[in-house]
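Trainee: This is the structure I have questions about; it appears just below.
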Amino acid sequence: MVDFSLTDADKKIAALARDEAEIGRTYSRYYDKHEDEIEPKVFAEVKDRPDPLEMLDAIEAETSGRVIVEHLVTMETARGDVRMRRIKKHLGDKIVRYAGNDEQRKLFGNKLLSIALTEPGAGSDPSMIRGSARYDEATDEWILNAEKIYCSAFGASDGALVLVRGPEKNGARPFMGFVIEKGMKGLTELGQVKKMGIRSWDTADFVLQDCRVPSINKIDVDFKKTMIVFNGTRPGVAAMGLAVAGSLLEFTREKLLGKEQVLDYAKGIRARSAIEDRLIRMEALYEATSLTILRCKWLEHVGGTNNGATKVEAAMSKALGGKAARKITQGCMELLGPEGLSEEYLAEKWFRDARIFDIFEGAGDVNRLIIARSLLNYSQKELN
Ligand SMILES: Cc1cc2nc3c(=O)[nH]c(=O)nc-3n(C[C@H](O)[C@H](O)[C@H](O)COP(=O)(O)OP(=O)(O)OC[C@H]3O[C@@H](n4cnc5c(N)ncnc54)[C@H](O)[C@@H]3O)c2cc1C
């Protein structure tokens with residue numbers, strides 16, 4: 001039987017992350033107003049506190065497993081908006097660790113590498129990627145040209161894994177992945193992107209102009225191999241969106257019902273107020289989404305992370321998570337009225353923050369296409 005009850009060790013680690021998130025919230029407005037600043041590696045307030053993920057390393061055997069506990073920590077951390085500790089793994093270095101050879105793992109596996117796919121006009125549709133790579137036999141180097149935008153964590157990372165088009169082969173230009181490192185000639189950083197929401201989220205643009213990279217920097221990945229890593233992160237991103245929505249739902253409930261008032265779930269629909277009814281519906285959506293994500297993480301825990309087996313469940317989690325984040329935050333703002341817009345509270349910020357979770361790591365529409373293709377047995381060409 002599937003058992004979703006958490007162990008004491010799970011709860012202990014999640015509680016640590018929750019406590020840090022509470023501290024994180026005290027910085028929410030600051031980083032919302034100072035989006036060019038990147039947070040410190042570790043905030044002074046948590047320097048001497050146990051790190052939840054290091055505790056996981058120490059007591060993993062007592063937990064429900066790494067995948068599940070990392071998910072719990074992600075969700076708790078996202079409640080605080082601002083991370084008290086920078087993450088130590090990025091998507092690019094994850095790809096190097098699973099697709100690189102021994103030498104590449106040694107060279108780049110411990111670096112922080114973002115992932116850079118998106119270009120102007122090439123977001124949901126990677127076939128529009130125009131960035132290019134050509135080989136220089138004389139020097140055994142690749143020469144890269146690309147404009148990469150919206151690169152998460154690039155400000156604080158050591159570089160990125162970039163996906164560009166290689167030389168033409170059999171009438172097509174295959175995708176190729178390269179590690180680029182900061183300081184390389186031909187790489188120009190364009191700084192932080194101005195955003196409507198999640199302004200504390202390090203997001204940067206950069207340009208590669210005749211950037212020469214040694215051939216050892218070419219990682220053996222194509223588009224499919226690169227996308228596999230998103231099966232693990234899509235549910236995580238959905239969980240973050242849900243956590244933001246949960247924060248606003250909690251705030252709204254407390255504002256409207258007071259700290260002590262509890263909802264009477266047993267009351268029939270005719271006996272409860274419109275506000276109670278809307279809160280209950282939003283809570284139900286929150287719970288259903290949370291369980292969908294947890295189920296995906298459980299399947300990943302049982303079946304492995306990088307084999308693509310949870311592709312559809314990951315897409316379901318992300319599609320539902322992004323939608324729930326939007327619906328719940330919208331519903332809360334409607335209930336709060338003008339008070340929700342006051343900067344005295346974080347409600348208006350959470351409302352802005354929630355929108356992105358239905359856009360990046362595959363927009364909701366795109367994830368629904370992945371699900372539909374699987375259910376109807378269509379190829380990407382047949383349904384896009
Ligand atoms: C804060 C932030 C961080 C990011 N981090 C990264 C990163 O680290 N690395 C990276 O490579 N990219 C990153 N991105 C880019 C992100 O993945 C893209 O923004 C996303 O893929 C959407 O692409 P787009 O912005 O070009 O929008 P579009 O693809 O133009 O989409 C616009 C709208 O059209 C809809 N749509 C698109 N295609 C279809 C379709 N076939 N059917 C139905 N509807 C469709 C979408 O759902 C959306 O509503 C980030 C973006 C942001 C804002």
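Trainee: Hey, could you check the range 30-61 for residues that are loosely packed, with under 13 Cβ neighbours inside 10 Å, among the acidic types (Asp, Glu) and more than 21 Å from the chain's Cα centre (by Cα) and say which is farthest from Arg352 (Cα to Cα)?
Mentor: Residue satisfying both the conditions and the ranking: Asp57.
Trainee: I need the full set of residues from the range 141-173 which are away from the ligand (no atom under 16 Å from the Cβ) and under 28 Å from the mean Cα position of the chain (by Cα), in order please. First the steps, then the outcome.
Mentor: The first filter runs over the range 141-173 and keeps only residues away from the ligand (no atom under 16 Å from the Cβ), leaving 141-143, 145, 166-173.
Asn145, Gly166 - these are the residues of the range 141-173 that are away from the ligand (no atom under 16 Å from the Cβ) and under 28 Å from the mean Cα position of the chain (by Cα).
Trainee: Another question, if that's okay. Residue pairs, Cβ under 8 Å, 6 or more apart or interchain, first in the range 327-349 and among the aromatic types (Phe, Trp, Tyr), second at pLDDT below 95. List them.
Mentor: Tyr345/Glu339
Trainee: Quick test of your reading of the structure: Val213 fulfils all but one of (1) more than 30 Å from Lys311 (Cα to Cα); (2) assigned to a helix (DSSP H, G or I). Name the failing condition by number.
Mentor: Answer for Val213: the failing condition is (2).
Trainee: Which condition number does Phe223 fail, the rest of (1) of a type in the set (A, V, I, L, M, F, W, C); (2) modelled with pLDDT under 90; (3) under 20 Å from Ser28 (Cα atoms) being met?
Mentor: (3)
Trainee: Restricting attention to helices (runs of 4 or more DSSP H) lying wholly within the range 49-140, give those where 2 or more residues are over 17 Å from Ile228 (Cβ atoms) and more than 16 Å from the ligand (Cβ to nearest atom).
Mentor: Values: elements: 52-59, 66-78, 91-99, 102-108.
Fully inside the range 49-140 and qualifying: 52-59, 66-78, 102-108.
Trainee: If you don't mind, there's one more thing I want to ask. Read through the list (1) within 16 Å of Glu361 (Cα to Cα); (2) modelled with pLDDT of 95 or more, then give the number of the only condition that Asn231 fails.
Mentor: Of everything listed in (1) within 16 Å of Glu361 (Cα to Cα); (2) modelled with pLDDT of 95 or more, Asn231 misses just condition (2).
Trainee: Pick out the one residue from Leu263, Leu336, Leu248 that is over 23 Å from Thr77 (Cα atoms) and buried (at least 19 other Cβ atoms within 10 Å of the Cβ).
Mentor: Numbers: Leu263 fails: buried (at least 19 other Cβ atoms within 10 Å of the Cβ); Leu248 fails: over 23 Å from Thr77 (Cα atoms).
It is Leu336.
Trainee: Looking only at the range 141-168, filter to residues that are assigned to a strand (DSSP E or B) and among the polar types (S, T, N, Q); which one of those is nearest to Val179 (Cα to Cα)? Let's see the steps before the verdict.
Mentor: Our first condition is that a residue be assigned to a strand (DSSP E or B); within the range 141-168, this holds for 141-152, 159-165.
Retained after the next criterion (residues that are among the polar types (S, T, N, Q)): 145, 152.
Values: Asn145: 13, Ser152: 15 Å.
Only one residue fits best here, namely Asn145.
Trainee: Tell me the residue from Thr305, Thr233, Thr310, Thr226 that is crowded, with 24+ Cβ neighbours inside 10 Å and touching a residue at least 40 places away in the same chain (Cβ under 8 Å), please.
Mentor: Values: Thr305 fails: crowded, with 24+ Cβ neighbours inside 10 Å; Thr233 fails: crowded, with 24+ Cβ neighbours inside 10 Å; Thr226 fails: crowded, with 24+ Cβ neighbours inside 10 Å.
Being crowded, with 24+ Cβ neighbours inside 10 Å and touching a residue at least 40 places away in the same chain (Cβ under 8 Å) holds for just one of Thr305, Thr233, Thr310, Thr226, which is Thr310.
Trainee: Based on what the data block shows, is Leu242 surrounded by 21 or more Cβ atoms within 10 Å (Cβ to Cβ), touching a Phe, Trp or Tyr at 6+ places or on another chain (Cβ under 6 Å) and assigned by TED's automatic domain parsing to the domain that holds Glu283?
Mentor: Details: surrounded by 21 or more Cβ atoms within 10 Å (Cβ to Cβ): yes; touching a Phe, Trp or Tyr at 6+ places or on another chain (Cβ under 6 Å): no; assigned by TED's automatic domain parsing to the domain that holds Glu283: yes.
For Leu242, the condition - surrounded by 21 or more Cβ atoms within 10 Å (Cβ to Cβ), touching a Phe, Trp or Tyr at 6+ places or on another chain (Cβ under 6 Å) and assigned by TED's automatic domain parsing to the domain that holds Glu283 - is not met.
The values are calculated or read from the model by the stated rules, or taken from the named source; none is laboratory data. The structure displayed is predicted, hence computed values, not measured ones. Note that each Cβ is placed from the backbone with ideal geometry, even for glycine, and that neighbours are counted across all protein chains shown.
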